[in-house]
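No value in this document is a laboratory result; all are computed from the given coordinates. For clarity, every value in this text was computed on a predicted model and none was experimentally measured. Ideal geometry is used to build each Cβ from the backbone, glycine not excepted, and the neighbour counts take in all protein chains shown.
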Amino acid sequence: MVKNKQKFALWLTPEAKAQVESNFHADNCQSQSEFIEKAIWFYTGYLNCERAGAYLPRVMSEVVGGTLNALADRMGKLMFKQAVEQNMTNNILAIDCDMDDATYQHYRGKCVREVRESNGAISFKDALHFQREAW
């Protein structure tokens, strides 16, 4: 038996007492007192969570906001690195490319349409097949 327990009078309606009697075994409780004590702890936890309702959304908002800010910073840095690499590639290709403005505008329009239609999912292999068919 657990020490430091106190005995006191408990008044229940017949319906509540019937609920305790019919359910304490289903909850693997050794006694009706244990069942009632577990119910008290459960209900006080519920009440405490209800009171914390105003506090938790603010804390969750701060945590999620901090996480999203860190993600945005990381994505920004990665996009900058990618833009630098793309700029290097463009400059290397431009050195050896004989293309007039009209041809450039034609390919630019085609590329914009392809990116829109595929949501940016264009592979080098697709571009290679297109260029082989064009020549």
message: Looking only at segment 106-135, filter to residues that are assigned to a helix (DSSP H, G or I) and among the polar types (S, T, N, Q); which one of those is nearest to T89 (Cα to Cα)?
response: Q131
task: May I ask you to verify whether I122 is touching a helix residue (DSSP H, G or I) at 6+ places or on another chain (Cβ under 6 Å) and hydrophobic (A, V, I, L, M, F, W, C)?
output: yes
- prompt: All but one of (1) loosely packed, with under 10 Cβ neighbours inside 10 Å; (2) closer than 30 Å to Y46 by Cβ hold for D98; which doesn't?
  reply: (2)
